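The values are calculated or read from the model by the stated rules, or taken from the named source; none is laboratory data. The structure displayed is predicted, hence computed values, not measured ones. Neighbour counts are summed over all protein chains in view; Cβ atoms, including those assigned to glycine, are modelled from backbone coordinates with ideal geometry.
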Amino acid sequence: MSMKYASIAAAVAVALTSSYSALALDEATTLAAPNKLTVAGASAARDSFLTELTSANGPCVGTTVDVYRATAGDFRAYSCTLKSAALAPELGTIGGQNAVIYYRSEGGSAWGAVSLVPNNTFNAPAGSIKRLDVTTACVTTTVLTGGRPTHDCATTYNIANDSGTGQLVNDLTELAVGDVEPGMFKDTNYPSSAAFKPYNTATGAALDALLYDTGYDQLFGVFVNTIAGRPTNAITNLTKQDLAAIFSGAYSDWSQVPKQDNTGYYDPGQIIVCRREPGSGTQVIAAAKYVNVGCGGPSVAFVADTSAGTADGVVESTTTSNLETCVATNGGAAAPAAAIGINVFKTAPTNTRFVSINGVVPSKTSAALGQYPIWNELTLTKRPGLATSDARANILANSLITRTKNAASVPDTLSTFAIPSGTNAPNVPVDVNDPVALGTTNGSTCLPASGV
């Protein structure tokens, strides 16, 4: 039994003998929770946060976690009863109390970091962006999210100017979660929404100046459509060179892509690139890793969505779920067009598959060994002065940051693995269940990992 599983078993045993109620938190109890934290950023980490909160090593009593979600827009809230200070010492005086963590992943990673730049949005109060508003109007559903009770909160939303109706409110981001470091959201990686003030060099300098922590590593994969009759149905492996050509627009038809067994080229069909919008951490990683955008030196522009539909071969999405739908449906393009996209690694959505890159199957083990090429280190950036402005939120933020750093409490998902540190020692062979990477980029997207 690994040390992590042994600690989980011990934690479960303690939890089962505790006096905590096993009741989940309904709307009224969530609304009254004395501890609140507003998080914005990476959609890739959204579900990992839920996994962390419900795990034996998380800060919550797992049986008390509820999920609240907007009916329009990627807005969530997670409520729970926190563990006692005896079980989670870092929670101190707020241990045993109820808490709600608002998680906005609409728009992606940049919405967290960019909203921390002072007075950088047009919403009131200055600097605020939309988050979910949990009220008794949220409707309890029979659907479970991550095995947890779920409540739907009625909303409409328009990302073009961060406007909406229903159960959305303006609030200041207190913890920004990013697939990349804040300084990567400059120039073409800056959000295109009119909610933010136009990008300038002062904004870029402010993003560079934000202090951040690194959490765990995240694995990102390339996935393609698998519907019969589409060229990508036969594709199981692509090279980084092929992907660079596809994502730069040098290849626009699958008949330009050589088969990996050197027997010619794939069947003809328009290449549909399903991508995220500017400001998405997934998109920033794709542009950096494949065409060197934002990393200095020679680079090629990542393909952009320039027209409605698929005439230009590109479909842009503002959420991960919409991106997945795009690849699964080929963006609505008629056969034999076939779609490709980049996503955090997970169980492939219906009608899609993740492909190998340079012959290496995507897995957190191969990434930890430095064999699979596309992974990056999660960053967490607290609002400057949070310890003074909201001490309770600061405790919650510090708890989450600490738990994303330690191998024993990294969320157990297909895409997450630990960064080597003083407490996380890499081993060879790598633990296939809870790997620790052999190297680290020290929170820099553009640098190669040291130690691999």
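Summary table
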read-out: Set Ala194, Ala206: member being more than 30 Å from Ser421 (Cβ to Cβ), in contact (Cβ under 8 Å) with a residue 60 or more places away in the chain and assigned by TED's automatic domain parsing to the domain that holds Glu181; value: Ala194
read-out: Residues located in the range 277-313, provided they are among the aliphatic types (A, V, I, L, M), under 15 Å from Gly249 (Cα atoms) and surrounded by 17 or more Cβ atoms within 10 Å (Cβ to Cβ); value: Ala286, Ala287, Val291, Val293, Val303
read-out: Residue match in the range 316-329 (condition: assigned to a loop (DSSP other than H, G, I, E, B) and more than 25 Å from the chain's Cα centre (by Cα)); value: no
read-out: Residue match in the range 55-63 (condition: in a strand (DSSP E or B), in contact with a strand residue (DSSP E or B) (Cβ under 8 Å, 6 or more places away or on another chain) and modelled with pLDDT of 90 or more); value: yes
read-out: Criterion (under 18 Å from Asn394 (Cα atoms) and among the hydroxyl-bearing types (Ser, Thr, Tyr)) met by exactly one of Thr93, Thr135, Thr121, Thr150; value: Thr93
read-out: Which numbered condition Gly297 misses (of (1) free of Cβ contacts under 8 Å to residues at least 12 places away in the same chain; (2) outside the structural domain of Arg276 (by TED's automatic domain parsing)); value: (2)
read-out: Any hit, the range 176-190, residues being buried (at least 24 other Cβ atoms within 10 Å of the Cβ), within 30 Å of Thr136 (Cα to Cα), touching a residue at least 24 places away in the same chain (Cβ under 8 Å) and under 22 Å from the mean Cα position of the chain (by Cα); value: yes
read-out: Checklist (1) in a loop (DSSP other than H, G, I, E, B); (2) over 19 Å from the mean Cα position of the chain (by Cα) applied to Leu414, failing item; value: (2)
read-out: Cross-chain or 6+ apart pairs with Cβ under 6 Å, the range 435-452 first and touching a residue at least 40 places away in the same chain (Cβ under 8 Å), then basic (Lys, Arg); value: Pro435/Lys364
read-out: Residue among Ala335, Ala393, Ala339, Ala387 that is in contact (Cβ under 8 Å) with a residue 40 or more places away in the chain and either aromatic (Phe, Trp, Tyr) or in a helix (DSSP H, G or I) (or both); value: Ala393
read-out: Ser18 vs. criteria at pLDDT below 95, within 30 Å of Asn170 (Cβ to Cβ), in a loop (DSSP other than H, G, I, E, B) and out of contact with any Phe, Trp or Tyr (no Cβ under 9 Å at 6 or more places or on another chain); value: no
read-out: Residue in the range 197-205 that is part of a strand (DSSP E or B) and either of a type in the set (Gly, Ala, Ser) or buried (at least 19 other Cβ atoms within 10 Å of the Cβ) (or both) present; value: no
